[in-house]
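To start, the structure itself, in structure tokens.
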Amino acid sequence: MKTFQLLLAGVAAVLLLGGCGGGGDGTASGETAQGAPPLTKKQKEDLTELQLTFESRANPEDAGVLLGDRLGYFADTGLNMYLLGPAAPSLALGYAVEETDIVMSPLPQLILAREEGLPLVAIGSVIPETTMSMIWLRGSRINGIADLKGRRIGMPDLSSQKEFLAYILSKAGLTLGDVKLEGVGYADDLVSKLERGGVDAIFGGSWNVEGAALKANGQRPVVIRATQLGVPEFDELVFVSRRGRFAKKPELLRSFLKAAYRGAAAVKEDPVAGSETVVDKSLEFVSPKEGEAGTKATAPLFSESAPIDRRRAAKLVDWMYEQGMIKNRIPVSKLIAPSTSAGTRRSP
């Protein structure tokens, strides 16, 4: 297993989760995917380096990239991937402006970043449907959103999720001031926080990750998807890069997407192998049973091609504008890069 190293990106620290599965990243131990021949010195020298930052610590929604890396798919296309975890989820998109080539992010978070003027665009879909959910445990005496008044809600520090929570609470006549928000840092902290009784409910996690993990741990979660609470459908997770990053070498983007979606297909075929990479790279924050449950639930959701539903994205922008979450209706042409086909898109 490759060692984890601490990198400094300006004043922010990120965790190096591991390099190319073919062992070509200069910091790797030379580990290769089982059954794949090791790269020669010349092959390693010829690889082009790309950095990718996950939206959080490694979790089941990252399994496609992680397994593709382990199986050497990126090396097959001439790429040497450095896979990073952000010092905090709220910092992830900021890395894409300077240090990182590609970031994985929720689409609403990208919209807010564009509102702030960051020159970023979505370049491909990862999970093409909304998985964000409100979750509490049975026996908590919570029977609906209105019952959250005065309760503690755990949530990662992402501005988009706070905006969405405010909307959901408003539908029950509540405001953010009526609840006690508990920041939990990374999404994978939500499960332990809820199980220990540190919060009464969690928001910002997903039915397929946190919901599945709670069930795997023997809990009885009540899971209400955000779309059931009035939030429109959108691509939950997308690949993001700074505008123009691949303009001079579009073949790098095509190579990345080809390998990433090949990895997604591999997870669908073998979710257990995908979960093993997640547990391996999660710094032990994801247990084997949580990783397997979450990866099995997430695998069918993975997109296997780049196109993002532009009409649906435009509707999300309009909805966020109408709710006062953004001040400008951002054109989809400035939000999503021209499509780069890499297979057949899964229809949610």
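The values are calculated or read from the model by the stated rules, or taken from the named source; none is laboratory data. Just so it is clear, the structure is predicted and the values come from calculations on it, not from any experiment. As a convention, Cβ positions derive from the backbone with ideal geometry for all residues, glycine included, and neighbour counts pool all protein chains shown.
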Identify all residues within region 276-296 that are part of a helix (DSSP H, G or I), under 15 Å from the mean Cα position of the chain (by Cα) and of a type outside the set (Val, Ile, Thr); write none if there are none.
Lys281, Gly291, Gly294
Among the residues of region 64-77, is there at least one that is surrounded by fewer than 23 Cβ atoms within 10 Å (Cβ to Cβ), outside the structural domain of Gly218 (by TED's automatic domain parsing) and over 20 Å from Leu253 (Cα atoms)?
no
So Asp270 ticks every box in (1) closer than 30 Å to Asp76 by Cα; (2) surrounded by 17 or more Cβ atoms within 10 Å (Cβ to Cβ); (3) not aliphatic (A, V, I, L, M) but one. Which box is left unticked?
(2)
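State which residue is surrounded by the most Cβ atoms within 10 Å (Cβ to Cβ) when the search covers only region 295-342 and only residues that are hydrophobic (A, V, I, L, M, F, W, C) and in contact with a strand residue (DSSP E or B) (Cβ under 7 Å, 6 or more places away or on another chain). Step through it out loud before you land on a result.
So the first thing to find is which residues in region 295-342 are hydrophobic (A, V, I, L, M, F, W, C), and the list is 297, 299, 301-302, 306, 308, 313-314, 316-317, 319-320, 325-326, 330, 332, 335-337, 342.
Now drop any that are not in contact with a strand residue (DSSP E or B) (Cβ under 7 Å, 6 or more places away or on another chain), which leaves 301-302, 306, 308, 313, 335-337.
Numbers: Leu301: 21, Phe302: 24, Ala306: 28, Ile308: 24, Ala313: 21, Leu335: 22, Ile336: 24, Ala337: 23.
Selected residue: Ala306.
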Residues of region 297-317 being in contact (Cβ under 8 Å) with a residue 60 or more places away in the chain and over 17 Å from Val126 (Cβ atoms), which ones?
Lys315, Val317
If I go through region 224-253 residue by residue, how many of them are part of a helix (DSSP H, G or I) and within 20 Å of the chain's Cα centre (by Cα)?
3
Using the structure shown, decide if Leu169 is more than 28 Å from Phe54 (Cα to Cα) and at pLDDT 95 or above.
yes
Cβ-Cβ distance below 7 Å, separation of 6 or more or different chains: which pairs start in region 250-269 with a residue that is free of Cβ contacts under 8 Å to residues at least 40 places away in the same chain and assigned by TED's automatic domain parsing to the domain that holds Gly68 and end on one that is surrounded by 18 or more Cβ atoms within 10 Å (Cβ to Cβ) and in a helix (DSSP H, G or I)?
Lys268/Ala299
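Show me the helices (runs of 4 or more DSSP H) entirely contained within region 15-92 in which 3 or more residues are at pLDDT 80 or above.
In region 15-92, 63-70, 73-76 are the helices (runs of 4 or more DSSP H) which contain 3 or more residues that are at pLDDT 80 or above.
Considering Val209, Val240, which residue is surrounded by 24 or more Cβ atoms within 10 Å (Cβ to Cβ) and not assigned by TED's automatic domain parsing to the domain that holds Leu50? First the steps, then the outcome.
Numbers: Val240 fails: not assigned by TED's automatic domain parsing to the domain that holds Leu50.
Residue meeting the stated conditions: Val209.
Please verify whether region 203-221 includes one or more residues that are among the aliphatic types (A, V, I, L, M) and under 15 Å from the mean Cα position of the chain (by Cα).
First, pick out the residues of region 203-221 that are among the aliphatic types (A, V, I, L, M): 209, 212-214, 216.
Remaining after also requiring under 15 Å from the mean Cα position of the chain (by Cα): 209.
Within region 203-221, one or more residues are among the aliphatic types (A, V, I, L, M) and under 15 Å from the mean Cα position of the chain (by Cα).
Conditions (1) under 20 Å from the mean Cα position of the chain (by Cα); (2) outside the structural domain of Phe203 (by TED's automatic domain parsing); (3) of a type in the set (Asp, Glu), marked per residue:
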residue: Asn80; (1), (2), (3): no, yes, no
residue: Ala113; (1), (2), (3): yes, yes, no
residue: Leu118; (1), (2), (3): yes, yes, no
residue: Ile123; (1), (2), (3): yes, yes, no
residue: Ser140; (1), (2), (3): no, no, no
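Does region 129-147 hold any residues that are touching a strand residue (DSSP E or B) at 6+ places or on another chain (Cβ under 8 Å) and in a loop (DSSP other than H, G, I, E, B), and which are they? Steps first, please.
The first filter runs over region 129-147 and keeps only residues touching a strand residue (DSSP E or B) at 6+ places or on another chain (Cβ under 8 Å), leaving 130-138, 140, 142, 145.
Correct list: Thr130, Thr131, Arg138, Ser140, Ile142.
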Any idea which of Met104, Met155 is within 23 Å of Asp189 (Cα to Cα) and either modelled with pLDDT of 95 or more or among the polar types (S, T, N, Q) (or both)?
Met104
